[in-house]
Amino acid sequence: QQTGNSKKSKAAANKLNDIPEARQEVKKHLGDGAAKNKRERIKMAEKKKENQSNDVGRASRKRKSENNEELAVKKEEETTLETSNQVIPTPLSHIPLKSLMDIEMELVYTDEEDISFEFAEPVASTSTQPACRRSKKADALNAPKGSVSPQIAKQLQMTLREASTCYRQNNYPAAAEQFSAALELCSKGIAIDSAYESSPEDISSITSFIETKLVACYLKLKKPDDALNHSHRSIILNPAYFRNHLRQAAAFRCLERYAEAARSAMIADYMYWLTGGTEQRTSKLIKLYWQAMIEEAITREESFSVMYTPVVTEVKADKKNKIKDMFAEKHPDYVQHIYTDPHGLHILPQTAEWPSLPPQQYLLTLGFRNKHIGKTLERWSSRKLPIFSDQKAPFTPLTMEETKRYWDNTGKRIVPVMDFIRSTKLTDRLCACSRGIEKLHYASFLGRLQRVEEQSQVINQAMAELATLPYLQDISKQDAKLLQSLMADAMDTLEGRRSDKGRVWNKIQKV
């Protein structure tokens with residue numbers, strides 16, 4: 001992306017010099033060309049300075065972009081903040097689009113020849129237990145297994161072989177057709193020769209493999225919505241495989257939903273470590289992808305700006321007020337309402353060395369141009385469950401007209417903010433299932449607006465979030481029961497069944 005004027009160009013160039021570790025890391029993993037291209041773009045931008053128009057909107061965008069490059073603030077001695085230049089994210093322009101495509105070619109479009117990768121020998125972990133703690137699920141994943149890979153049914157095997165041949169010949173329409181046929185065979189029970197001797201995990205893993213191949217096909221066919229639907233299903237079936245989350249990130253990126261792409265990449269990196277991944281290069285590439293998605297989300301967002309503040313302990317109210325003052329000084333165009341996320345600390349890709357060290361944690365501060373949106377977000381975040389609604393009277397559903405008005409004025413502005421907050425937050429102290437509940441409520445809104453296809457996609461996304469949750473944190477029995485009930489509700493909704501009796505989602509909405 002070319003910078004708009006010499007002042008912005010010099011700020012980016014100075015940032016390069018200020019973060020030598022980041023510069024070396026980009027060179028190491030993406031080649032020296034990225035840094036050279038950056039210098040060439042700066043020179044080109046300086047030559048074009050005289051011809052640039054003094055457009056007010058672009059000037060505002062420029063000021064915001066400069067401010068966003070400074071995502072950590074300096075320490076005041078009496079506070080608990082840390083000063084650490086090496087944890088400031090590198091500017092987006094360090095990671096050009098071509099480099100993102102290279103990462104996707106290596107990690108997203110990699111052509112697994114068979115399904116055996118899903119049943120690979122577990123890798124024993126030699127790492128010490130970090131602050132984020134390996135979950136009980138991780139111990140199960142790394143426990144010795146006596147079972148061998150299941151014997152795939154011959155008819156399914158032939159279909160998959162034909163599909164893979166078409167894929168390698170770049171005949172993606174035919175490949176998608178064959179993989180869809182393979183999926184249909186699985187739905188008819190034709191997956192494993194000895195179906196009665198196989199485990200549900202075996203069948204889920206085979207089906208997940210087919211779903212993830214369909215993701216790659218539809219991405220190649222420039223059909224990101226179809227790719228996203230299949231990516232959600234691949235995660236529901238096999239949430240432990242990191243590439244499923246990375247393919248979901250690629251689908252989100254193609255749809256320009258960068259905050260959600262960042263979250264998927266964050267989870268992919270965590271899953272890679274959790275399931276025994278040891279290649280530093282793979283983890284570094286995933287982190288670069290995650291970083292690029294965060295910065296793309298920040299740069300493109302016009303309604304709010306952000307600041308990450310490194311912390312070592314819980315920050316008290318008076319210190320949060322000082323942080324807000326610092327934010328107002330750095331981001332004067334976004335001070336109609338300033339909000340600091342109170343529920344859980346945030347993690348940035350530069351410090352997320354999961355297996356070795358506890359990651360540096362941050363407070364996230366958001367500033368808004370629109371006071372109403374900022375206050376609505378703060379009101380939503382103070383509730384026990386994250387449901388945003390303009391409903392005045394209990395047990396009184398909004399009319400279609402009221403729903404549409406609320407969505408246009410508030411809902412569709414709040415959802416991107418919620419997605420951005422989640423892009424650097426692995427877990428939530430408010431409620432373990434909060435992310436799934438957010439998406440189920442969003443789906444309810446889409447249903448009332450009669451946007452059926454979007455509703456179905458968001459319900460699948462909610463299920464993928466809920467299926468992944470036990471891998472991200474240890475959950476209580478009460479939360480586990482809630483999680484299972486929410487997934488059952490979501491499945492009932494997708495299948496067209498409605499029940500007002502005893503369904504947990506209906507109860508939550510009423511409360």
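The table below lists the values:
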item: Residue in the stretch 89-111 that is at pLDDT 85 or above, open to solvent by less than 80 Å² (accessible area, probe 1.4 Å), under 30 Å from Met293 (Cβ atoms) and part of a loop (DSSP other than H, G, I, E, B) present; result: yes
item: Residue check, Asp193 acidic (Asp, Glu), assigned by the TED database to the domain that holds Phe252 and more than 22 Å from Leu466 (Cβ to Cβ); result: yes
item: Residue, surrounded by the fewest Cβ atoms within 10 Å (Cβ to Cβ), within the stretch 293-335, restricted to residues that are under 15 Å from Leu364 (Cβ atoms) and among the acidic types (Asp, Glu); result: Glu314
item: Test set (1) open to solvent by less than 30 Å² (accessible area, probe 1.4 Å); (2) under 21 Å from Ile267 (Cα atoms); (3) of a type outside the set (Asp, Glu) - Leu357 fails condition number; result: (1)
item: Odd one out for Asn238, checked against (1) modelled with pLDDT of 95 or more; (2) within 23 Å of Pro470 (Cα to Cα); (3) open to solvent by less than 30 Å² (accessible area, probe 1.4 Å); result: (1)
item: Leu363 part of a strand (DSSP E or B) and either at pLDDT 90 or above or surrounded by 19 or more Cβ atoms within 10 Å (Cβ to Cβ) (or both); result: yes
item: Residues of the stretch 157-179 satisfying the condition of being under 17 Å from Leu221 (Cβ atoms) and either touching a strand residue (DSSP E or B) at 6+ places or on another chain (Cβ under 9 Å) or surrounded by 17 or more Cβ atoms within 10 Å (Cβ to Cβ) (or both); result: Ala163, Ser164, Cys166, Tyr167, Tyr172, Ala175, Ala176, Gln178, Phe179
item: Some residue of the stretch 430-440 being among the hydroxyl-bearing types (Ser, Thr, Tyr) and open to solvent by 10 Å² or more (accessible area, probe 1.4 Å); result: no
item: Test: residue in the stretch 300-310 that is assigned to a helix (DSSP H, G or I), more than 16 Å from the chain's Cα centre (by Cα), under 30 Å from Ile338 (Cβ atoms) and of a type outside the set (Gly, Ala, Ser); result: yes
item: Considering residues of the stretch 461-496 that are among the hydroxyl-bearing types (Ser, Thr, Tyr) and touching a residue at least 24 places away in the same chain (Cβ under 8 Å) only, the residue nearest to His230 (Cα to Cα); result: Thr468
item: Lys412 being open to solvent by less than 10 Å² (accessible area, probe 1.4 Å), of a type in the set (Lys, Arg) and within 28 Å of Thr299 (Cβ to Cβ); result: no
item: Positions within the stretch 182-201 being modelled with pLDDT of 90 or more and surrounded by fewer than 16 Cβ atoms within 10 Å (Cβ to Cβ), in sequence order; result: Glu184
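The values are calculated or read from the model by the stated rules, or taken from the named source; none is laboratory data. Computed from a predicted model, the values in this text were never measured in an experiment. So basically every Cβ, Gly included, is an ideal-geometry build from the backbone, and we count neighbours across all protein chains shown. Surface areas here come from the heavy atoms of the whole protein model, side chains and all, with no ligands, DNA or RNA. Shrake-Rupley method; radii C 1.70, N 1.55, O 1.52, S 1.80 Å.
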